[in-house]
Amino acid sequence: MIREVKFYQCEDGHPSDDEIKAALDIVRDQPFIIELRWFHKYSGWYRTLICKDDTLDSVKERLPRIYGM
């Protein structure tokens, strides 16, 4: 099965809890996946996929804890 992916970008680098919660609210009853993107200075672009079955904790576990230079 193929699912649509919608892209959202965080404005201020590493995604905050509020931004992750907003993405979870959007995807909760939808048939698509959200790709949340953000840019970290000197390190580049990062992304994570958010599905309707995810929780705040499961998304936060997939986020990088350290950014390289």
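Here are a few things to note about the model shown:
- THR55 being exposed (fewer than 13 other Cβ atoms within 10 Å of the Cβ), among the hydroxyl-bearing types (Ser, Thr, Tyr) and free of Cβ contacts under 8 Å to residues at least 40 places away in the same chain: yes
- Residue count for region 37-46 satisfying the condition of being touching a residue at least 12 places away in the same chain (Cβ under 8 Å) and surrounded by fewer than 13 Cβ atoms within 10 Å (Cβ to Cβ): 2.
- Note on region 37-69: residues that are within 15 Å of VAL5 (Cα to Cα) and not in a loop (DSSP other than H, G, I, E, B) total 5.
- Single unsatisfied condition, GLU11 versus (1) without any contact (Cβ under 8 Å) to a residue 12 or more places away in the chain; (2) surrounded by 10 or more Cβ atoms within 10 Å (Cβ to Cβ): (2)
- The residues on offer are ILE26, ILE34, and the sole one that is closer than 13 Å to LYS6 by Cβ and either in contact (Cβ under 8 Å) with a residue 24 or more places away in the chain or among the acidic types (Asp, Glu) (or both) is ILE34.
- ILE20 vs. criteria touching a strand residue (DSSP E or B) at 6+ places or on another chain (Cβ under 7 Å), outside any loop (DSSP other than H, G, I, E, B) and not aromatic (Phe, Trp, Tyr): no
- Members of region 17-56 found to be over 21 Å from MET69 (Cα atoms) and among the hydroxyl-bearing types (Ser, Thr, Tyr), listed by number: THR55
- Selection within region 23-69 - farther than 13 Å from CYS10 by Cα and touching a Phe, Trp or Tyr at 6+ places or on another chain (Cβ under 7 Å): SER43, PRO64, MET69
Readers should treat all values here as calculations from the given coordinates under stated rules, not as data from a laboratory. What you are looking at is a predicted structure, and each value in this text was computed from that prediction instead of being measured. Reconstructed Cβ throughout: ideal geometry from the backbone, glycine too, with neighbour counts over all protein chains shown.
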